[in-house]
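The values are calculated or read from the model by the stated rules, or taken from the named source; none is laboratory data. Only a predicted model underlies this, so the values are computations on that prediction, with no experimental measurement involved. With ideal geometry, Cβ positions are generated from the backbone for all residues, glycine too; neighbour counts draw on all protein chains shown. We work out accessible area using only protein heavy atoms, side chains counted, and drop any ligands, DNA or RNA first. Shrake-Rupley method; radii C 1.70, N 1.55, O 1.52, S 1.80 Å.
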Amino acid sequence: MKFDTKCVRAAIAPDPTTGAIVPPLYQTATYVLPEVGQDRGFDYTRSSNPTRQMAEEQLASLEGMIHGRAFASGMSAVDAVFRLFGAGDHIVCGDDVYGGVTRLLDRVLDRAGIAVTYVDASQPGEIAAAMRDETRLVWIETPTNPLLKVADVEAAAKIAHDGQALLGVDSTFATPYHLQPAELGADIVMHSTTKYLSGHNLIIGGMVLVNDDEVADGLRFLQKSIGAVPSPFDCWLLMHGLKTLSLRMARHSSNAAQVATFLAEHPKVARVAYPGLENDPGHPIAARQMRNGFSGMVSFELVGGTPAGIELMNAVQLCALAESLGAVESMITHPSSMTHADVPKEEREARGLTDGLVRISVGIEDPEDILADLDHGLEEVSA
């Protein structure tokens, strides 16, 4: 099946009991066993659930991978990946990642004896220089959050594999519509299903996709042992969101390209980060490894710096001032006080994440309305 068809049909079959075209929601905690020592593949929903299994299989199909493991949030999915490793192991991590990942590595997993080195993952040489004998994982985002840097997945995979390590890719911003990291050598692909995959600001969730049976078994063990799994209802909603993924991402990407172009030409805007712009540093790699466009995220700074950015975010009306991203509604975010507030200021600024940075998750509204809202907001900026 082609990708668009997979979105609608992969892993989805009519209910064998009633013929219902929409798979039923198995909103149950436990299952009756036929007899002692036998089950029908399910015994307790923390361990497995038919609705969750369908969602896992559907997204695995979209990524062109074998196994999917669903978690209660994107962060619990990341945590499960990192918990595959232990004391004495080393992780090479991109320095421009979601602030919660930095918090997890620096303030939780460090207690377990897992060491981490942060690098600019858009520079393969920095990844290579950070590798150690004890490195077990290279972890990257592409495009990154919030600076929208682009990592060369194929180059990162070669470096990781040459060092006997795995490559994990947080592909939340790209989605499988724009990028399938496993095709380029990634061993682990992670998504915050809260974002584009469900797409409607209705659920919190995460998913890890792998091909290796042993890694998949390790993740299944963590699902059962820790219990950070999504509810059946959240999985059911995710499956419905996935059905329109290709349609929504095409609109997100088209709208974002128009927003990025508008901002790049505006006299009050100092710089714009968007891989779809030909002058963006990440454009050559993004154009090579992404397809169907460059997703719906745009970051920028105004000429007036922090005060001007805050004035803009407080002035817009259509773009909602909100923490999340990837939904049908356009949302505007101040990363330094919201998504990355727990990253120390000096570290943020060293990575290029200034207090004046503005991030927009461009929705699927009419692009003229989005542009009019930004234009109005920029008019209110005093700089």
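A simple charge model with +1 on the Cβ of Lys and Arg, -1 on the Cβ of Asp and Glu and nothing else charged puts the dipole of the range 227-383 at about 700 debye relative to its Cα centre.
Ligands, DNA and RNA left out, the accessible area of the chain computed with a 1.4 Å probe is 53% carbon and sulfur. Summing Lys and Arg as +1 and Asp and Glu as -1 over all other residues whose Cβ lies under 9 Å from the Cβ of Gly68 gives a net charge of -2.
For a bin width of 10 Å, list the pair-distance distribution of the range 292-377 built from all Cα-Cα distances, rounded to whole %. Values per bin, smallest distances first: 17, 50, 28, 5. FRET efficiency for the pair Glu265 and Arg46, taken as 1/(1 + (r/R0)^6) with r the Cβ-Cβ distance and R0 = 41 Å, rounds to 0.20. Net charge dipole, the range 64-158: roughly 340 debye, given to the nearest 20, about the Cα centre with Cβ charges of +1 for Lys and Arg and -1 for Asp and Glu. The residues Asp95, Asp369, sorted by heavy-atom accessible surface at 1.4 Å with ligands and nucleic acids left out, run Asp369, Asp95 from largest to smallest. For the pair Ser225 and Ala29, label points projected 7 Å from Cα toward Cβ lie 2.5 nm apart. For the chain, the relative contact order works out to 17 percent when only alpha carbon pairs closer than 8 Å and six or more residues apart are counted. Considering only the chain, what is the antiparallel percent among its DSSP beta bridges, to the nearest 5? Taking every DSSP beta bridge within the chain, about 55 percent pair in antiparallel fashion. For the chain, the 222 nm mean residue ellipticity estimated from helices alone, with every DSSP H stretch of n ≥ 4 adding -39500 (n - 2.57) and the total spread over all residues, rounds to -11000 deg cm²/dmol. Per residue, the accessible area of the range 17-64 comes to 57 Å² when a 1.4 Å probe rolls over the protein heavy atoms. With the biggest extent put first, the Cα atoms of the range 341-383 measure 38, 28, 14 Å across the principal axes.
How compact is the range 1-59 by the rule of thumb for globular proteins, expressed as Cα Rg over 2.2 N^0.38 Å? Please list the in-between numbers first.
Numbers: Rg = 13.7 Å, N = 59, 2.2 N^0.38 = 10.4 Å.
Dividing the Cα Rg of the range 1-59 by 2.2 N^0.38 Å gives 1.32.
With all protein chains kept in place, the per residue accessible area of the range 238-343 amounts to 38 square angstrom at a probe of 1.4 angstrom. Pairwise Cα distances in the range 1-114 exceed 19 Å for 63 percent of all pairs.
Distance between the C-alpha centres of the range 338-364 and the range 210-284: 18 Å, rounded to the whole angstrom. For the range 109-156 versus the range 11-74, the spacing of their alpha-carbon centroids is 34 Å. The heavy atoms of Glu134 offer some 70 square angstrom of accessible surface to a 1.4 angstrom probe.
Shape annotation for the chain: C-alpha extents along the principal axes are 74, 52, 33 Å, from largest to smallest. Think of a 1.4 Å ball rolled over the protein heavy atoms: the range 98-137 then has 49 Å² of accessible area per residue.
Candidates Asn255, Ser198, Gly218 compared by Cα position along the dipole of the range 189-271: farthest toward the positive end lies Asn255, with charges placed on Cβ. Taking only the alpha carbons of the range 76-230, we obtain Rg and Dmax values of 14.5, 43 Å in that order. If you take the charge dipole of the range 218-369 about its Cα centre, with +1 on Lys and Arg Cβ and -1 on Asp and Glu Cβ, which of Ala273, Ala287, Met239 is farthest toward its positive end? It is Met239, whose Cα lies furthest towards the positive end.
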